[in-house]
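The values are calculated or read from the model by the stated rules, or taken from the named source; none is laboratory data. The model shown is predicted, which means the values in this text are computed figures rather than measured ones. In this analysis, Cβ positions are derived from the backbone assuming ideal geometry, glycine residues included, and neighbour counts consider all displayed protein chains. The area values use the complete protein model at the heavy-atom level, side chains included, leaving out ligands, DNA and RNA. Shrake-Rupley method; radii C 1.70, N 1.55, O 1.52, S 1.80 Å.
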Amino acid sequence: MVVAVHPYPSPQLEDRFGRRFPYLRLSILDACNFRCSYCLPNGYRAKDGRGKYLDVQEIQRLVSAFARLGMRKLRITGGEPSLRRDLPELISVAAEATGVENVGLTTNGATLHRHLNRWIDAGLTALNVSVDALCPERFERITGHAGLEMLLDAIDQALDSPLRSVKINAVLLRDLNDDQLPKWLEYLRDRNVTVRFIELMQTGDNLEYFQRHHYRAQVLESHIVKEGWQLLDRATDAGPAREYQHRDFRGRIGIIAPYSANFCAGCNRLRVTANGDLRLCLFGETGVPLRALLQSDDQFSALQATLIRQLGLKRAGHSLHAGETGLIQHFASIGG
Ligand code: SAM
Ligand code: SF4
């Protein structure tokens, strides 16, 4: 009998609740060139952290340590990750780390048409692009950026590329884009793509906006179910989205409803900020600085020990429904 031996039969990242963490979201900067009204309505303002983002070597050590502990999928996010000139290098460092099977990128897509092939050549396997509306003027109103048409062309180019997965993210916003479903359905009819509708989450900065524009994902979910969309089985390593398909459409709809019961039970992800702080939860109260442990290869064991120890402190779930947003001022500071 042949027994498959994993190259690293090492300790896994597992918490007190038996959850495993094969997925890391790494923010590589907090700056952004958009002004999404729910995230950075006044645009990015540089703070003390500017210029102190983890560099390529620090990221290489970080990714290796996580991969050794069972991380298989890395998602690079921001702020807007494409603003970093060394992004292709960061992608290839991640793609080459032993154990990493998928390297994804979450982007606003403003430069997708220019960089897609370079990112794919560097080892990118998955792409999530944010598109909050399909009407150009609505898109501009929400993001502060014109250029929807070029973005949609670039997404079509990505759909024809060797990428294993291309997804679109749209944040649900009452009175701003809650009338866009018919346009999305038209879009999904012949495209093999998943559009994930994300329920707006409250952050430290957006309380008033949240109260005005929060739209419950469940309302949309009930509606699509009535229209014949069927829930797909959840893969064991799936993210937080509940995914639906319909026989008349090539594309799929994902629903991300962070306020729904049990949302945290399936948590499989950890986060690291652009300055190297580990965040056990998007809405957690603490960040654990890892940067001091990323300065030399000799610190590898200490870094792994810290990650395992910290996981022991991860809580069962967030308290977002009680308005407790933790450290997060806006998603650009951590990458969503
Ligand atoms: N700039 C990139 C982008 O927009 O795709 C990556 C970073 S962005 C912070 C990651 C994701 O978080 C985006 O899909 C964005 O729409 C989402 N997001 C930002 N603020 C949010 C909020 N308050 N509630 C829900 N999703 C949010
Ligand atoms: Fe920038 Fe992304 Fe935040 Fe929009 S959601 S302001 S693109 S970081």
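For the structure I just gave you, tell me whether ARG291 is open to solvent by 50 Å² or more (accessible area, probe 1.4 Å) and farther than 19 Å from LEU200 by Cβ. The answer is yes for ARG291. For the stretch 19-70, taking the residues that are hydroxyl-bearing (Ser, Thr, Tyr) and at pLDDT 95 or above, the one that is nearest to ligand 1 (Cβ to nearest atom) is identified as TYR38.
Checked against (1) in contact with a Pro (Cβ under 6 Å, 6 or more places away or on another chain); (2) within 16 Å of ligand 2 (Cβ to nearest atom), ASP277 passes all but a single condition, namely (2).
Would you please name the residue that is nearest to GLU14 (Cα to Cα), looking only at residues in the stretch 253-273 that are open to solvent by 50 Å² or more (accessible area, probe 1.4 Å) and not in a loop (DSSP other than H, G, I, E, B)? Among them, the one singled out is ALA265.
For the criterion of being away from ligand 1 (no atom under 16 Å from the Cβ), in contact (Cβ under 8 Å) with a residue 12 or more places away in the chain and farther than 23 Å from GLY104 by Cα, LEU278 fails.
If the condition is being touching a helix residue (DSSP H, G or I) at 6+ places or on another chain (Cβ under 8 Å), within 16 Å of ligand 2 (Cβ to nearest atom) and closer than 15 Å to ASP132 by Cβ, then the stretch 196-224 contributes PHE197, ILE198, GLU199, LEU200, MET201.
Applying a threshold of 7 Å to beta carbon distances and a minimum spacing of six or more residues, or different chains, the list of pairs starting in the stretch 190-203 at a residue that is outside any loop (DSSP other than H, G, I, E, B) and ending at one that is of a type in the set (Lys, Arg) reads THR194/LYS167; THR194/ARG252; ARG196/LYS167; GLU199/ARG216. Quick one: in the stretch 165-177, which of the residues that are under 16 Å from the mean Cα position of the chain (by Cα) and away from ligand 2 (no atom under 16 Å from the Cβ) is most open to solvent (accessible area, probe 1.4 Å)? The selected residue is SER165. If we keep just the residues of the stretch 304-319 that are of a type in the set (A, V, I, L, M) and surrounded by fewer than 20 Cβ atoms within 10 Å (Cβ to Cβ), which is farthest from ligand 1 (Cβ to nearest atom)? So, considering only residues that are of a type in the set (A, V, I, L, M) and surrounded by fewer than 20 Cβ atoms within 10 Å (Cβ to Cβ), the one farthest from ligand 1 (Cβ to nearest atom) is ALA305. The set of residues from the stretch 25-45 being of a type in the set (A, V, I, L, M, F, W, C), open to solvent by less than 30 Å² (accessible area, probe 1.4 Å) and part of a loop (DSSP other than H, G, I, E, B) comprises ILE28, LEU29, ALA31, PHE34, CYS36, CYS39, LEU40.
Restricted to the stretch 124-154, and to residues there that are among the acidic types (Asp, Glu) and surrounded by fewer than 18 Cβ atoms within 10 Å (Cβ to Cβ), the residue that is farthest from LEU29 (Cα to Cα) is GLU137. Is it the case that the stretch 268-275 has a residue that's without any contact (Cβ under 8 Å) to a residue 40 or more places away in the chain and more than 16 Å from ligand 1 (Cβ to nearest atom)? For the stretch 268-275, residues without any contact (Cβ under 8 Å) to a residue 40 or more places away in the chain and more than 16 Å from ligand 1 (Cβ to nearest atom): absent. Within the stretch 100-123, if we keep just the residues that are among the aliphatic types (A, V, I, L, M) and open to solvent by less than 10 Å² (accessible area, probe 1.4 Å), the residue that is farthest from ligand 2 (Cβ to nearest atom) turns out to be VAL103.
Filtered by the rule that a residue be surrounded by 15 or more Cβ atoms within 10 Å (Cβ to Cβ) and either part of a loop (DSSP other than H, G, I, E, B) or modelled with pLDDT under 95 (or both), the stretch 239-252 gives GLY239, PRO240, ALA241, ARG242, HIS246, PHE249, GLY251. On the stretch given as the stretch 190-219, residues that are open to solvent by less than 30 Å² (accessible area, probe 1.4 Å), more than 9 Å from ligand 1 (Cβ to nearest atom) and under 21 Å from the mean Cα position of the chain (by Cα) total 5.
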